[in-house]
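**Q** My questions will all concern the structure given below.
The values are calculated or read from the model by the stated rules, or taken from the named source; none is laboratory data. Quantities reported herein were computed from a predicted structural model and do not represent experimental measurements. With ideal geometry, Cβ positions are generated from the backbone for all residues, glycine too; neighbour counts draw on all protein chains shown.
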């Protein structure tokens, strides 16, 4: 006798969110001695999703995208290039990466990392476009001060009322 019982499909898995993608990238970077901060304000008024420094002192920025519309509608990303030696797109596994191969996304200038909440993988290494030494020094000092401020505020919230903002 054939069964007429069917299992109704459940909801589709939720797409990865930016926090999960950032966590996967940070784990990938940590294994490769690259340390970064999320949501790092830049001097031009933009905010990098992840900004960090590798073991050789090179500054890295990652712009995270978890929705195709967000990727296609992002016109601000070139503003990050003046603040880093290497730039990556960090995308969730379900994102179609084909647009990142087009000239408008400067594939000769940008790497790609695919990540979820557990890990990440560099699918296209980012070429190095060296910052001027003075600019790199400023960016690394800003990162260091932001990291120290965040640590101080995490251990004592009263510290947040003092000092400069990131």
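**Q** Scan the stretch 57-82 residue by residue and report those that are within 14 Å of residue 126 (Cβ to Cβ), in contact with a helix residue (DSSP H, G or I) (Cβ under 6 Å, 6 or more places away or on another chain) and surrounded by fewer than 23 Cβ atoms within 10 Å (Cβ to Cβ).
**A** Within the stretch 57-82, 63 is the sole residue that qualifies.
**Q** May I ask you to say which residue of 136, 149 is in contact (Cβ under 8 Å) with a residue 12 or more places away in the chain and surrounded by 18 or more Cβ atoms within 10 Å (Cβ to Cβ)? Give the derivation first.
**A** Working: 149 fails: surrounded by 18 or more Cβ atoms within 10 Å (Cβ to Cβ).
None of the others qualify; the one that does is 136.
**Q** Separate question: Just give me the residues in the stretch 89-106 being without any contact (Cβ under 8 Å) to a residue 60 or more places away in the chain and under 16 Å from residue 60 (Cα atoms), in sequence order. Let's see the steps before the verdict.
**A** Of the residues in the stretch 89-106, the ones without any contact (Cβ under 8 Å) to a residue 60 or more places away in the chain are 89, 95-106.
Result: 89, single match.
**Q** If I ask for residues that are in contact (Cβ under 8 Å) with a residue 24 or more places away in the chain and either touching a helix residue (DSSP H, G or I) at 6+ places or on another chain (Cβ under 7 Å) or over 15 Å from residue 144 (Cα atoms) (or both), which ones from the stretch 30-56 would you list?
**A** Hits for the stretch 30-56 are 36, 37, 40, 42, 44, 46, 48, 49, 50, 51, 52, 53.
**Q** Tally the residues that are closer than 14 Å to residue 29 by Cα and surrounded by 22 or more Cβ atoms within 10 Å (Cβ to Cβ), restricting the search to the stretch 90-113.
**A** Here the count works out to 2.
**Q** Scanning the stretch 57-81 for residues that are closer than 28 Å to residue 133 by Cβ and in contact (Cβ under 8 Å) with a residue 40 or more places away in the chain, which turns out farthest from the chain's Cα centre (by Cα)?
**A** Going through the qualifying residues, I end up with 57.
**Q** Tell me the residue from 121, 141 that is at pLDDT 95 or above, farther than 20 Å from residue 24 by Cα and not in a loop (DSSP other than H, G, I, E, B), please.
**A** On the way: 121 fails: farther than 20 Å from residue 24 by Cα.
Only one candidate passes the filter, namely 141.
**Q** Further question on the same structure: Considering only residues that are more than 23 Å from the chain's Cα centre (by Cα) and assigned to a loop (DSSP other than H, G, I, E, B), look in the stretch 152-166 and name the one that is surrounded by the most Cβ atoms within 10 Å (Cβ to Cβ).
**A** That would be 163.
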